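Structure, as structure tokens:
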Amino acid sequence: MSLFQVLFGRKPPSISLYTRGSTTIPTLDEALLDRDELLRTLKSNLLAAQNRMTQQANAHRRDYTFA
């Protein structure tokens, strides 16, 4: 369950990707393409941060065997 679900009691809205040329307004077209690029960058950065945190947590783990 995400923090959004806890706070608002519903799943967060999904943000669909924009396809080039879906609008006739050039400024809006460019803004939506910039938004998509920003979302891709954010997802990439979040994944990299998550991987770093996982590696950091796993670096201090030890395997225990109980007899």
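The values are calculated or read from the model by the stated rules, or taken from the named source; none is laboratory data. Note that the structure is predicted; figures quoted are calculated from it, not measured. Positions of Cβ are generated from backbone atoms using ideal geometry, with glycine treated the same way; all protein chains shown enter the neighbour counts.
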Q: Considering every residue within the stretch 44-54, establish whether at least one is surrounded by 10 or more Cβ atoms within 10 Å (Cβ to Cβ), modelled with pLDDT of 90 or more and in a loop (DSSP other than H, G, I, E, B).
A: no
Q. Scanning the stretch 1-43 for residues that are surrounded by 10 or more Cβ atoms within 10 Å (Cβ to Cβ) and in contact (Cβ under 8 Å) with a residue 12 or more places away in the chain, which turns out farthest from the chain's Cα centre (by Cα)?
A. Arg20
Q. Filtering the stretch 1-33 down to residues that are in contact with a helix residue (DSSP H, G or I) (Cβ under 7 Å, 6 or more places away or on another chain) and among the basic types (Lys, Arg), which residue is farthest from Lys43 (Cα to Cα)?
A. Arg20
